[in-house]
Amino acid sequence: MYEKLLSLEKDFFRYKKITDKNWLDSVLHDNFMEMGKSGTLFYKEETITDLMSVKADRDIDIYNFEAAELKPDCWIVHYITKSDDKLFYRTSVWIKENNMKLIFHQASACNEKAPLQLC
């Protein structure tokens, strides 16, 4: 499941995926909520609209990826991203219904000096 979840998280930085409304609709849970790095809450429809306006792959790397099963068919992932020389700590909650669905995501500024391992 680790590789599947890592791949899904990376998909959110790929132009081909995040500009595909059908893919976004199928992978974002109807009750999806994100606490963005700006501190603003976003929900499914506005997230789809925002992502579909992206013009190219997002130049974001994933480091220190961890995944843990909270209960059957529910996982939490934690990782650090780096973009524009800034680090962000990210947490996502995924549930399996017919397919994997992202129900929650949060990004926060990260000031940790831990070693980064590219995933």
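The values are calculated or read from the model by the stated rules, or taken from the named source; none is laboratory data. Given the structure is predicted, the values throughout are model-derived calculations rather than measurements. Here the Cβ is made from the backbone with ideal geometry for all residues, glycine too, and neighbour counts use every protein chain on show. When the accessible area is computed, the model is the full protein with side chains, heavy atoms only, and any ligands, DNA or RNA have been set aside. Shrake-Rupley method; radii C 1.70, N 1.55, O 1.52, S 1.80 Å.
Couplings 3J(HN,Hα) of the stretch 42-57, computed from phi: 10, 10, 3, 5, 6, 5, 4, 4, 5, 5, 5, 8, 5, 9, 7, 3 Hz, in residue order, whole Hz [Karplus 6.51 cos²θ - 1.76 cosθ + 1.60, θ = phi - 60°; x for Gly and Pro]. Backbone amide hydrogens, once placed in the peptide plane, bring residue 37 within less than 5 Å of 107, excluding anything fewer than 5 places away on its chain.
So if the hydrodynamic radius of the chain is defined as the Kirkwood radius over C-alpha pairs, what does Stokes-Einstein give as its diffusion coefficient at 20 °C and 1.002 mPa s, in µm² per second? The Stokes-Einstein estimate is 147 µm²/s.
Just to confirm, what accessible area per residue do you get for the stretch 1-114 at 1.4 Å probe, in whole Å²? Each step should come with its number before you reach the end.
On the way: 6730 Å² over 114 residues.
Using a 1.4 Å probe on heavy atoms only, each residue of the stretch 1-114 averages 59 Å².
What is the Cα centroid distance between the stretch 34-48 and the stretch 78-112, reported in whole angstrom? The stretch 34-48 and the stretch 78-112 have Cα centres spaced 12 Å from each other.
Partners of residue 10 within straight-line reach, counting lysines whose Cα lies under 20 Å from its Cα and excluding those fewer than 8 residues away in the same chain: 21, 37, 44, 55, 82, 86, 96, 101.
Please list 99-110, 49-60 highest first by mean number of surrounding beta-carbon atoms within 10 Å per residue.
Numbers: 99-110: 16.3, 49-60: 11.8.
Packing order, densest peptide first, comes out as 99-110, 49-60.
Each listed q (0.17, 0.22, 0.25 Å⁻¹) maps to a log10 I(q)/I(0) for the stretch 62-119 from the Debye sum over equal C-alpha point scatterers, namely -0.59, -0.85, -0.99.
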